[in-house]
Amino acid sequence: MPVKVSVKNIFKIFGMEPHRGLELLKNGRSKEDIFEETGQTVGVEDASFDVEEGQIFVVMGLSGSGKSTLVRMINGLIEPSAGQIIIDGDDVASCSPARLRDIRRNKVSMVFQHFALFPHKTVAENVAFGLKIKGMPAEERRRRAMEALAQVGLESRADSYPDELSGGMQQRVGLARGLAAEPEILLMDEPFSALDPLIRRDMQEELLELQRTLKKTIIFITHDLNEALILGNQIAIMRNGRFVQTGTAEEIVANPANDYVAAFTQDIDRSRVFTADSVAGPADAVQLSTDTAKNAIERMEAAGSDAIYVLDGERIAGAVTYRDLTALMRDNGGALASALITDFPSARRSTPLFELYSLAQSGLPIAVTNRKGRLDGVIAPQAVFAKLAGEAAAA
Amino acid sequence: MVSPSDFLTIPLDDWVNFFVKDWLVPNFRPAFRAMQWPITQVLNTLDGVLNAIPMVLFTVGLSLIAWRTAGRGVAIFTLFALAFIDMIGLWPETMTTLSMVVTAVFFCTVIGIPLGIAAAASDRFQAALRPVLDIMQTIPSFVYLVPIVMLFGVGMVPGIIATIIFALPPIIRLTNLGIRNVRGDLVEAATAFGATAWQTLWEVQFPLALRTVMAGLNQTLMLALSMVVIAALIGAGGLGLTVYTGLGRLDVGNATAGGIGIVLLAIVLDRMTQGLGEKRSVRTVSLAATLKSLFSPRAVSSGQTERAS
């Protein structure tokens with residue numbers, strides 16, 4: 001995927017004569033020193049990252065970490081003190097005001113924490129705001145606004161005023177307003193933070209749902225690591241204006257860069273972050289046509305497991321358990337086929353762990369299958385719980 | 001006792017006399033006279049129209065407007081108030097006063113709203129404007145009546161100019177305040193969608209400040225009405241003149257009639273402009289509620305009574 005937004009060594013220092021603070025910062029002075037000496041506050045310090053097209057890049061940090069400043073520099077609402085922000089070859093940090101307006105009108109739109117809907121305009125007028133600013137005729141504007149509202153399921157409220165809607169609906173309008181101009185990049189500044197937890201979950205799922213078809217490049221700001229882990233293809237953790245760690249959800253939870261990150265990941269619901277991939281063992285199986293019950297028992301004893309998968313060629317025929325086979329051996333020493341359990345649990349490598357709980361309850365190992373339905377790995381039921389317990393102990 | 005005046009006396013009165021009489025008046029009188037032109041045009045048009053409309057037609061028309069803007073109660077009150085004014089024989093004077101006040105408010109709006117917008121846009125301009133507005137609001141109007149007469153002469157238009165000076169500050173201040181109080185994230189959102197400063201002003205800031213601006217307009221209107229009697233001192237006609245002559249001749253009846261006319265006009269205009277400011281939630285007010293609101297402490301018109309009588 002090509003890089004859509006590239007942020008290079010960006011700094012923001014609030015106060016008069018920011019270059020003085022910048023000089024001190026580059027000489028390795030601390031933020032406290034700089035504040036004492038010059039009265040300047042360091043907002044963002046040397047942040048660099050690339051966002052690939054169609055990805056959700058989440059910046060997570062607590063209040064005062066500089067994340068809101070960072071996102072506002074991407075559409076030029078705040079001018080960086082140093083560094084570059086390249087969007088499709090244009091440097092937002094240094095381009096002309098007219099070019100910047102053009103980028104805001106056509107390429108980058110924004111969704112705000114407190115919705116920032118215009119109270120004197122109807123829902124449809126709010127959604128059409130960016131189009132009106134561009135000078136689009138009223139009829140086309142209305143049509144496009146209705147399309148955008150349909151995407152978030154609010155066409156019926158087009159002529160209501162924002163204060164007649166619930167918080168969740170208002171933010172849907174905010175999202176529709178962001179989408180109406182069909183931008184390539186969407187900046188979302190804590191869009192769901194002001195919503196109730198249940199509504200927040202719905203909105204997160206809805207965003208992921210929309211993203212599957214829209215494939216926008218999204219830069220998403222949040223103070224909630226859980227939200228970051230659910231939404232982000234890439235996650236950056238910010239503290240005091242610096243990036244502490246950047247990586248995928250699994251990378252961050254599995255290997256926190258320092259104690260600060262570890263403190264956050266401690267309370268995380270690991271079962272949503274880790275996937276079947278992290279607990280899958282090798283695809284150990286016997287062949288239906290060539291292996292006997294005796295072979296299968298020996299393989300299970302060697303591996304220390306209670307059950308094993310049986311393949312018919314490359315297709316999964318089913319599973320056999322140690323107990324069934326030993327009973328079978330006592331009776332007649334017969335073929336594997338008679339003990340075959342064909343109703344076996346299966347999952348994909350990308351299935352999150354929490355979905356494996358119910359599968360693991362059957363007692364059988366879980367078959368990890370690839371796209372063609374072939375056996376790709378096996379998960380021992382106890383491995384699912386061991387993973388969660390082990391990680392918790394390690395953290 | 002020793003006092004500073006033993007060492008130094010400042011002839012401030014002589015300086016001002018010199019500045020106004022020997023420099024400002026001879027050099028700039030034609031320029032000031034020319035400034036009267038637009039005011040004269042607006043006033044004459046308005047006065048002609050208002051006096052040409054038959055009393056009954058005007059009363060019904062204004063009551064209908066009051067009904068649309070402020071509800072049924074205000075409409076009924078308007079009907080009775082105007083009928084009463086006609087019955088006490090002050091209809092022409094009331095129309096003259098109305099045209100004077102509306103002219104003054106019109107120019108206050110034309111001058112005041114752009115100044116308020118400029119003050120909201122620039123902290124430096126606001127800082128410069130503030131003391132000027134403070135002076136305009138605190139200096140007794142009699143102080144500037146004299147130079148106004150010297151520069152503009154006597155008559156209706158100089159009276160209106162004095163009224164504009166007196167009534168201008170609230171609309172500037174409240175336009176400034178209204179725009180500055182628009183939520184920061186809304187302005188930010190407009191900017192983030194690529195709006196220019198003018199688009200932001202026109203689409204977001206001014207519409208959201210409109211309520212406050214209308215409150216400023218209402219205040220300006222009330223101040224303009226309170227200048228009616230003072231403007232009569234320098235030759236403006238209308239209800240102010242009725243009160244002023246009543247005062248001069250100790251004719252308490254005439255003065256009271258003029259005062260009541262001013263008060264009734266003030267109440268009608270006040271309720272109508274207030275209604276305009278709250279237009280989005282148009283609701284009808286019962287007559288009882290209207291009468292009750294006449295005695296509520298926030299009504300500016302209660303101050304009017306003291307001034308007029």
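The values are calculated or read from the model by the stated rules, or taken from the named source; none is laboratory data. Please read these numbers as outputs of a predicted model, since none were measured by experiment. All Cβ positions, even for glycine, are placed from backbone atoms using ideal geometry, and neighbour counts span all protein chains on display.
The table that follows gives values for the structure above.
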item: Number of the condition not met by A:Ile219 [criteria: (1) part of a helix (DSSP H, G or I); (2) touching a residue at least 12 places away in the same chain (Cβ under 8 Å); (3) closer than 30 Å to A:Gly64 by Cα]; result: (1)
item: Failed condition for A:Arg172, given (1) within 14 Å of chain B (Cβ to nearest Cβ); (2) under 20 Å from A:Lys215 (Cβ atoms); result: (1)
item: Verdict on B:Arg211 being within 14 Å of another protein chain (Cβ to nearest Cβ) and farther than 30 Å from A:Asn106 by Cβ; result: yes
item: Output for the range B:133-154, where each listed residue is loosely packed, with under 13 Cβ neighbours inside 10 Å and not in a loop (DSSP other than H, G, I, E, B); result: B:Asp134, B:Ile135, B:Thr138, B:Phe142, B:Val143, B:Val146
item: A:Arg371 being touching a strand residue (DSSP E or B) at 6+ places or on another chain (Cβ under 9 Å) and among the basic types (Lys, Arg); result: yes
item: Count of residues meeting criterion [over 23 Å from B:Leu210 (Cβ atoms) and under 18 Å from the mean Cα position of the chain (by Cα)] in the range B:114-136; result: 4
item: Selection count where residues are in a helix (DSSP H, G or I) and surrounded by fewer than 23 Cβ atoms within 10 Å (Cβ to Cβ), scope the range B:192-203; result: 7
item: Qualifying residue in the range A:184-203 (condition: within 14 Å of chain B (Cβ to nearest Cβ), assigned to a loop (DSSP other than H, G, I, E, B) and buried (at least 17 other Cβ atoms within 10 Å of the Cβ)); result: yes
item: Flag for A:Ile74 being within 22 Å of the chain's Cα centre (by Cα) and hydrophobic (A, V, I, L, M, F, W, C); result: yes
item: Enumeration of residues in the range A:204-221 that are surrounded by 16 or more Cβ atoms within 10 Å (Cβ to Cβ), under 11 Å from the mean Cα position of the chain (by Cα) and farther than 20 Å from A:Lys107 by Cα; result: A:Gln204
item: Unique residue being touching a residue at least 40 places away in the same chain (Cβ under 8 Å) and of a type in the set (S, T, N, Q) when the list is A:Thr292, A:Thr326, A:Thr342; result: A:Thr292
item: Residue within the range B:52-62 that is touching a Ser or Thr at 6+ places or on another chain (Cβ under 7 Å) and surrounded by 22 or more Cβ atoms within 10 Å (Cβ to Cβ) present; result: no
item: Condition met for A:Gly54 (at positive phi and either more than 21 Å from the chain's Cα centre (by Cα) or within 14 Å of chain B (Cβ to nearest Cβ) (or both)); result: no
item: The range B:189-206, subset polar (S, T, N, Q) and facing chain A (nearest Cβ under 8 Å), residue nearest to A:Lys132 (Cα to Cα); result: B:Gln199
item: Among (1) without any contact (Cβ under 8 Å) to a residue 12 or more places away in the chain; (2) surrounded by 21 or more Cβ atoms within 10 Å (Cβ to Cβ), the one test that A:Leu149 misses; result: (1)
item: Sole residue being more than 11 Å from chain A (Cβ to nearest Cβ) and touching a residue at least 60 places away in the same chain (Cβ under 8 Å), chosen from B:Val143, B:Val149; result: B:Val149
item: Unique residue being under 22 Å from B:Ala192 (Cα atoms) and touching a helix residue (DSSP H, G or I) at 6+ places or on another chain (Cβ under 9 Å) when the list is A:Phe11, A:Phe57; result: A:Phe11
item: Members of the range A:152-165 that are surrounded by fewer than 17 Cβ atoms within 10 Å (Cβ to Cβ) and either in contact (Cβ under 8 Å) with a residue 24 or more places away in the chain or farther than 16 Å from A:Leu117 by Cα (or both); result: A:Gly153, A:Glu155, A:Ser156, A:Asp159, A:Ser160, A:Asp163
item: Odd one out for A:Val111 among (1) aliphatic (A, V, I, L, M); (2) touching a residue at least 60 places away in the same chain (Cβ under 8 Å); (3) out of contact with any strand residue (DSSP E or B) (no Cβ under 8 Å at 6 or more places or on another chain); result: (3)
item: Enumeration of residues in the range B:138-154 that are under 12 Å from B:Gln36 (Cβ atoms) and within 18 Å of the chain's Cα centre (by Cα); result: B:Ile148
item: Residues located in the range A:72-92, provided they are part of a helix (DSSP H, G or I) and under 19 Å from A:Gly54 (Cβ atoms); result: A:Ile74
item: Failed condition for B:Leu186, given (1) facing chain A (nearest Cβ under 9 Å); (2) crowded, with 23+ Cβ neighbours inside 10 Å; (3) in contact with a helix residue (DSSP H, G or I) (Cβ under 6 Å, 6 or more places away or on another chain); (4) part of a helix (DSSP H, G or I); result: (2)
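Conditions (1) within 28 Å of A:Ser193 (Cα to Cα); (2) more than 14 Å from chain B (Cβ to nearest Cβ), marked per residue:
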{"residue": "A:Ser65", "(1), (2)": "yes, yes"}
{"residue": "A:Ile74", "(1), (2)": "yes, no"}
{"residue": "A:Asp88", "(1), (2)": "no, yes"}
{"residue": "A:Asp91", "(1), (2)": "no, yes"}
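Residue-wise test of (1) crowded, with 23+ Cβ neighbours inside 10 Å; (2) out of contact with any Gly (no Cβ under 7 Å at 6 or more places or on another chain); (3) modelled with pLDDT under 80.
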residue	(1), (2), (3)
A:Ile235	yes, no, no
A:Arg242	no, yes, no
A:Gly247	no, yes, no
A:Ala280	no, no, no
